[in-house]
Amino acid sequence: MKSSELFETAKTLIPGGVSSPVRAIKPYPFYTKRAEGSKIYTEDGDSLIDCCMGYGPLLLGHAHPFVKSAIKDQLDNGWLFGTPAEAEIKLAKIVTGDHPSMDMCRFVSSGSEATMAAIRLARGYSGKKDIIKVEGGFHGAHDGVLIQAGSGATTMGVPDSAGVIPEIVSHTAQVPYNDIESLENLLAKNNNVAAFIIEPVMGNIGPILPEDGYLKEVRKITEENDVLLICDEVICGYRLGIGGAQVKYDIKPDITTLGKIVGGGLPIGVFGGRREIMEMVAPAGPVYQAGTFSGNPLTLASGIAMLNYIHDNSRLYERLDGYTKIIHESLPEKYRDSFVRLGSIFKLFFREKPPKNYVQAKESNTEKYADFWKKMLQSGVFLPPSQFETNFVSAAHTEEDIEYISGAYNKCL
Ligand SMILES: *Cc1c(COP(=O)(O)O)cnc(C)c1O
């Protein structure tokens, strides 16, 4: 059946026709039949070069043979035990070994679950109630972080979704990214802050890079104020390199959340940190956290394969950085200044300069983006449908793919 027909049926069965809102492309999304390497093959018979990559997890591309064979091997031995399995220890060893800030970690099934648990843990450990997040920072779709972004720098939040009660987000404050003074001022006024949660490199309003020294200052100020620092590296983890943003920018958070890449493309979340904090988590300690599918054998097998592959082929990060450099340098000159890239992450903003924070990102011309996005799709390149979602290249992209993408950018711009 064609995508348009499938979507008509889906809308009668699933709210908005989709399992996650970003997929509801207008007038209808294309339906994927199969994906392999850098390509998606649609129900309409099209093949597309994918620069969305499942919104981040597929660092090695679709259906990577090494990960696939690990999943197949595990399938033969069962895919849910409800008991501990050795693979948990193996993956925990790799993850804690790659992140000097993590002595221990716990596996969950999504990034949202990881940040939800991390925030509860910070509150349980510190005995304090409030959290601070960055305006436009995304930490999953749970109540405490679904707060209207851009609602004014240092005010307490307003819920961003019906059904979130104001009392909950009244304990969530926001500060602009790349703005140390706002954070300092807020902390000077409030001594009930359990944690500051931040995407070290912002990835959910398009990529926004930290200014020189910002993250180190954040670490210093949170430490001085006895506020836990939660680095939400669900996108950055294994994306910016082994050890993610915290190794790249040399900071040591108290708690880290991971997801996306670390599961090799199967559902996962991880939260981890210093031993004395993590030992507060049940059953070792009083902060409750649990899940039927947590640490499930298929995800563990896929994650271990992914991370082993990355360790054995860590040069891939340089290759991917080279890819986004080629795309950048081949752009028409007037667009080069507003193109942001970091390793395998890239995005063209339809504004004059790269944004420094959420408010600036929101100034982008989203109509122009939508128009450009549609032309790219028609040219055979699938970019995330929003100006505010990050583009990714993967290890499965070839030099020919990159040339094709560059050509399409030029043509469509
Ligand atoms: C994707 C994302 C999440 C949520 O992860 P899910 O697996 O979608 O629940 C949390 N934080 C960041 C920074 C993310 O990019």
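Listed values, structure above:
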| read-out | value |
| --- | --- |
| Hits in the stretch 66-101 - residues which are open to solvent by less than 60 Å² (accessible area, probe 1.4 Å) and β-branched (Val, Ile, Thr) | VAL67, ILE71, ILE94, VAL95, THR96 |
| Selection status of LYS133, surrounded by fewer than 24 Cβ atoms within 10 Å (Cβ to Cβ) and over 26 Å from THR299 (Cα atoms) | no |
| Qualifying positions in the stretch 229-256 - out of contact with any strand residue (DSSP E or B) (no Cβ under 6 Å at 6 or more places or on another chain) and hydrophobic (A, V, I, L, M, F, W, C) | ILE235, CYS236, LEU240, ILE242, ALA245, VAL247, ILE251 |
| Among the residues listed as ILE205, ILE180, the single one being touching a helix residue (DSSP H, G or I) at 6+ places or on another chain (Cβ under 6 Å), within 30 Å of ASN365 (Cα to Cα) and at pLDDT below 95 | ILE205 |
| Lone qualifier among LEU316, LEU320 - being in contact with a Ser or Thr (Cβ under 7 Å, 6 or more places away or on another chain), closer than 17 Å to LEU60 by Cα and either surrounded by fewer than 19 Cβ atoms within 10 Å (Cβ to Cβ) or not assigned by TED's automatic domain parsing to the domain that holds ARG106 (or both) | LEU320 |
| Hits in the stretch 117-138 (condition: within 12 Å of the ligand (Cβ to nearest atom) and more than 17 Å from MET104 (Cα to Cα)) | LYS133, VAL134, GLY136, GLY137, PHE138 |
| Residues (outside any strand (DSSP E or B), surrounded by fewer than 23 Cβ atoms within 10 Å (Cβ to Cβ) and within 16 Å of the ligand (Cβ to nearest atom)) located in the stretch 265-274 | PRO267 |
| Residue within the stretch 169-184 that is surrounded by fewer than 24 Cβ atoms within 10 Å (Cβ to Cβ), aliphatic (A, V, I, L, M), in the same structural domain as LYS129 (by TED's automatic domain parsing) and within 20 Å of the chain's Cα centre (by Cα) present | no |
| Test for GLY291: is it in contact with a strand residue (DSSP E or B) (Cβ under 7 Å, 6 or more places away or on another chain), open to solvent by 10 Å² or more (accessible area, probe 1.4 Å) and within 16 Å of the ligand (Cβ to nearest atom) | yes |
| In the stretch 4-53, the residues that are at positive phi, in a helix (DSSP H, G or I) and surrounded by 15 or more Cβ atoms within 10 Å (Cβ to Cβ) | GLY17, MET53 |
| Residue ID - least open to solvent (accessible area, probe 1.4 Å), chosen from residues in the stretch 211-221 that are among the charged types (D, E, K, R) and either within 11 Å of the ligand (Cβ to nearest atom) or closer than 23 Å to ASN190 by Cβ (or both) | ARG219 |
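Let's see how each residue does on (1) in a loop (DSSP other than H, G, I, E, B); (2) within 16 Å of the ligand (Cβ to nearest atom); (3) assigned by TED's automatic domain parsing to the domain that holds PHE293; (4) on the phi < 0 side of the Ramachandran plot:
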| position | (1), (2), (3), (4) |
| --- | --- |
| GLU223 | no, no, yes, yes |
| LEU229 | no, yes, yes, yes |
| CYS236 | yes, yes, yes, yes |
| ARG239 | yes, yes, yes, yes |
| PRO253 | yes, yes, yes, yes |
| THR256 | no, yes, yes, yes |
| GLU276 | no, no, yes, yes |
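The values are calculated or read from the model by the stated rules, or taken from the named source; none is laboratory data. Small disclaimer: the values here were computed from a predicted structure and weren't measured. Virtual Cβ from ideal backbone geometry, glycine too; neighbours counted across all protein chains shown. Surface accessibility is based on the protein's heavy atoms, side chains included, excluding ligands, DNA and RNA. Shrake-Rupley method; radii C 1.70, N 1.55, O 1.52, S 1.80 Å.
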